[in-house]
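Only one structure is covered here, and it is reproduced in the block below.
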Number of protein chains: 2
Amino acid sequence: MASKGEQTRQEIVAAAKLLFYRRGYNNTSFSDIVAVTGVQRGNIYHYFKTKDDILAAVIEQRLAEYETALRNWEQEYADPKDRLRRFVQMVASNRGELAQYGCPIGTLSAELGKEYCNHQRSPRRLFDLFRDWLADQFRQLGKSKQAKSLALHLLGRTEGISVIGHVYADPALITTEIKSLQKWVDQL
Amino acid sequence: MASKGEQTRQEIVAAAKLLFYRRGYNNTSFSDIVAVTGVQRGNIYHYFKTKDDILAAVIEQRLAEYETALRNWEQEYADPKDRLRRFVQMVASNRGELAQYGCPIGTLSAELGKEYCNHQRSPRRLFDLFRDWLADQFRQLGKSKQAKSLALHLLGRTEGISVIGHVYADPALITTEIKSLQKWVDQL
DNA sequence: GTCTATATACGGATAGAC
DNA sequence: GTCTATCCGTATATAGAC
C-alpha cells in the first residue's frame, strides 16, 4: 500500500507525463500541473526540487512502463517474429494519439535534443530499451550480425510513420504505412 | 539591389531560421536574435509585430529555398529516378547537421504540432512541397495510382532516419540507413 | 505534508526620442 | 529606420505559516 505522500507524488508524475506529451515540456508550466492535479505549487516543490526533476521522474516512469510491456510480450509470444509483429501492432493501435501528438518518445527527443538543453541525451535510454529488445528478437531469428541495425531500421520506420501521421494529423496514413511494415516483418 | 531596411529584415530572418533550428522555436528569445544579428530589440519590432510573424517569415524562407532546390534538380536530372536519388542524397549530405539538430522540418513540426500552439499546421506546407514533388516523380515513372502514398513513404523513411540519427547523434547511422533507402529507389 | 504569499528573472511587447 | 527605456505578464523557485 502506497503512503499518502507517495500517492501524491505519483499523481504529479502522471499529470506531468500527459502534459509533457500533449503540450511539450517547455510549454508545460507548474500552473498546468496544479490545475490538473489539484496539488498546490509549494507542495509540488516538496516532492521535486526542479522542473527538470519532474522530467527525470517522467522518463523513469515511461521506462518502467515500456519494460513491463516488453516483458509481457515475451510471455505472450514465444516466436520472436510474433513479438516483432506485436511491436508494430502497438503503433497501429496508438494511431489516434500518434496522429494528434506524435510519438511520445520521438517528439520528446526532438524537443530535448536541441542545443543548450539540460536533458539532451536523457530520452536516448527509451530508444535503447526498444532497440535492445528488438535486436534480441532478430538475434533469435538467426540474424545476430545485423541484429542491431535491423532493430534501428525498424525503430526508424515506426518513427517516420509517426512523424508523417502527426504532420497530417491523419491516423489512416499510419494504418497504410504500418501495413507495409508488417509485410517487411513477414518477409524476414 | 536590396534597400537597407530589406537587408536588415533578411538578417533577422536568417538568424531566426538558424536559431529556431538549433535551439527550437520556444527556446529562442528576442535577446538571442539581438545577440546574433546586432539589431536592437525595438528595431526588430519595426519589421515584425510578433515572434509568430518571424516564424511565419522563416517558414516562407524555407519554402522558397526548397522550391528553388527542387526546380534545380528538375533541370539537372531528366530521369525522375535520378531526381529521387538526388532527394535521398540530400539527406546523406546533411547527415552532420541532422545528427546534431534533427531534421529542420521534422523537429519544427514536432514542436509546433503540440496542443494549444498557434502554428500547429504551418509546417505542413513544407511537407506538402516535398510530397507533391516526389509524387510527380513517381507519376512520371508510371506509378500514378500509388504516387502519393509512395511519396509519403519515402518522406517518412527520411524522417525516421533523421530521428534515429539525431537521438544517437551519429551521422554514420544515417549513412547506413540511407544506403538501404537508395536500394529501395533503385529497385522501383 | 499542505498551503499561501512572494522573490526573482526573463519572456514578449510597447512608447517614444532621435 | 534605429535605439533606449520600460511595461506587464508569467515562468521557476523559495520562505515560512499551519
Checklist line | Exam field: B:Asp128 pseudo-label spacings to other copies (7 Å along Cα-Cβ), nanometres | finding: 4.2
Check: Normalised by the number of residues in segment A:101-188, what is the relative contact order in percent for Cα pairs under 8 Å and 6+ residues apart?
Finding: 23
Next item on the list: Enumerate by residue number the trypsin sites (Lys or Arg not before Pro) in segment A:112-188 meeting two conditions: DSSP loop (anything except H, G, I, E, B), and at most 14 other Cβ atoms within 10 Å of the site's Cβ.
Entry: A:Arg121, A:Lys145
Next item on the list: Extending each Cα 7 Å along its Cβ direction at B:Ala64 and B:Leu18, get the distance between those two points in nm, one decimal.
Entry: 1.8
Next item on the list: Scan around A:Glu115 for amide H atoms under 5 Å from its own, H built in the peptide plane at 1.01 Å from N, and keep only partners 5 or more places away or cross-chain.
Entry: B:Arg23
Check: Along segment B:117-132, what does the Karplus equation 6.51 cos²θ - 1.76 cosθ + 1.60 (θ = phi - 60°) give for ³J(HN,Hα), rounded to whole Hz, x for Gly and Pro?
Finding: 10, 4, 10, 3, 9, 4, x, 4, 4, 5, 5, 4, 4, 5, 4, 5
Check: Which value, in Å³ per residue, describes the convex hull spanned by the Cα atoms of chain A?
Finding: 130
Note to self: Suppose you put the label 7 Å out from Cα in the Cβ direction; list, shortest first and in nm with one decimal, how far A:Gln40 is from each other copy's label.
What the structure shows: 4.6
Checklist line | segment B:125-188: C-alpha pair distances exceeding 19 Å, % | finding: 38
Check: Got the B:Ser29 label distances to the other copies yet, label 7 Å along Cα→Cβ, in nm, shortest first?
Finding: 1.6
Notebook entry, point to check: Based on Cβ point charges of +1 for Lys and Arg and -1 for Asp and Glu, what charge dipole magnitude is obtained for chain A about its Cα centre, in debye rounded to the nearest 20?
Noted result: 300
Check: Which aspartates and glutamates have a Cα less than 19 Å from the Cα of A:Lys49, not counting those fewer than 8 places away in the same chain?
Finding: A:Glu6, A:Glu11, A:Asp32, A:Glu60
Item checked: Reciprocal mean inverse distance between Cα atoms of the protein assembly as shown - Kirkwood radius, Å -> 22.1
Next item on the list: Please report which chain A residue places its beta carbon nearest the axis carrying chain A onto chain B, with the distance rounded to a whole angstrom.
Entry: A:Gly160, 1
Margin query: Please give me the summed charge of the neighbours of B:Gln120: other residues whose Cβ is under 13 Å from its Cβ, Lys and Arg +1, Asp and Glu -1.
Written below: +3
Notebook entry, point to check: How far is the Cα center of segment B:5-21 from the Cα center of segment B:127-188, in Å?
Noted result: 30
Next item on the list: Report, in deg cm²/dmol and to the nearest 500, the calculated mean residue ellipticity at 222 nm for chain A, where each DSSP H run with n ≥ 4 adds -39500 (n - 2.57) and the sum is divided by the residue count.
Entry: -25000 deg cm²/dmol
Check: Counting partner chain Cβ atoms within 10 Å of every residue's Cβ in A:99-111, what's the average?
Finding: 5
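Readers should treat all values here as calculations from the given coordinates under stated rules, not as data from a laboratory. As the structure is a computational prediction, the values presented were derived from the model and not from experiment. FYI the Cβ positions are ideal-geometry reconstructions off the backbone, even for glycines, and counts take in every protein chain you see.
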